[in-house]
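Have a look at the structure below before the remarks.
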Amino acid sequence: MRFQSPIRFEGPVRFEVSQHCPYNQEETFRTILGMDLRVLFSGMGPLPSVVGVEDERGSWDQVGATRRPQLSDGSSALETLTDVRPPDGLAYTITEITGMLGWFAEQVNAEWTLIPDHPGTYAGGHSAGGTYLGGTTVLWRYDVFPRPYREPFVRLVLGRVWRAYMRRALTGALQEVGRQGAGL
C-alpha cells in the first residue's frame, strides 16, 4: 500500500507585490516590457541572479514570444509571453525550470498590472488621444505551481524570501523607469 498524505494541496501559491510610482502608465509599461532581466533580477540570498538570456524567439511585445533566462547558479527557465495589453499589463508563463527553483516549482504564471492614478486626467483630452498625467501603481503577481508535496515549503520558506526578492526587484524596476525619464 502506498502512503497517501492526509493533506493534498491543489492550485498555485500566490506571491504579490505592488508599489506606486510617479510616472505615467504608458512609459512605465514600455520600460518594464523592455527591461533587461539582469537589472530586474540581481539575486538575493539563495535566489540566483539573471546573468543572460538565450533562445529568444519573437519580439517580447508579441504574444507567443519566448526566451530562456540563464541564472547565476547555472539553471534556466523558459518564459513564454501569454498576454500583452499596452499600457495595462502583460503576462507570461515560466516552465522548464531547472536547478533549485525547478525542484520546488513545475510552472509559474506571472503578471504585471499597471493601474493609473485618477483616470480621466489627460493633457490634450483623453478623446483627443492626450497623454495621461498622473502616476501609476504597479502590481506584480507570481502564481507558483509547486511540485507534489512541496507546497508547504514553497508557501512558508521560499515565499518569505521570494516576496522580499520581488519587492527589491520592483523597486529597482521603477528606479529604471525613472532613469529612462518616464513621465517627465
### Query
Can you tell me which residues in region 137-184 are aromatic (Phe, Trp, Tyr), part of a helix (DSSP H, G or I) and within 23 Å of Leu37 (Cβ to Cβ)?
Trp162, Tyr165
### Task
Return a yes/no flag: does region 14-33 have any residue that is touching a strand residue (DSSP E or B) at 6+ places or on another chain (Cβ under 9 Å), more than 19 Å from Trp112 (Cα to Cα) and at pLDDT 90 or above.
no
### Query
Restricting region 12-46 to residues that are of a type in the set (S, T, N, Q) and assigned to a strand (DSSP E or B), which is nearest to Trp140 (Cα to Cα)?
Ser18
### Task
Mind counting the residues in region 140-152 that are touching a residue at least 12 places away in the same chain (Cβ under 8 Å) and either in contact with a Gly (Cβ under 8 Å, 6 or more places away or on another chain) or exposed (fewer than 15 other Cβ atoms within 10 Å of the Cβ) (or both)?
3
### Task
Scan Gly99, Gly89 and give me the residue that is of a type outside the set (Phe, Trp, Tyr), touching a residue at least 24 places away in the same chain (Cβ under 8 Å) and farther than 20 Å from Leu170 by Cα.
Gly99
### Query
Val161: in contact with a Pro (Cβ under 8 Å, 6 or more places away or on another chain), exposed (fewer than 15 other Cβ atoms within 10 Å of the Cβ) and modelled with pLDDT of 90 or more, yes or no?
yes
### Message
Taking the condition of being open to solvent by 50 Å² or more (accessible area, probe 1.4 Å), closer than 27 Å to Gly181 by Cβ and over 15 Å from the mean Cα position of the chain (by Cα), how many residues in region 24-50 meet it?
### Response
2
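The values are calculated or read from the model by the stated rules, or taken from the named source; none is laboratory data. Since this is a predicted model, take the numbers as computed values, not measurements. We place every Cβ from the backbone using ideal geometry, glycine too, and count neighbours over all the protein chains shown. The protein model used for the area step is the full one, side chains on, heavy atoms only, and it has no ligands, DNA or RNA in it. Shrake-Rupley method; radii C 1.70, N 1.55, O 1.52, S 1.80 Å.
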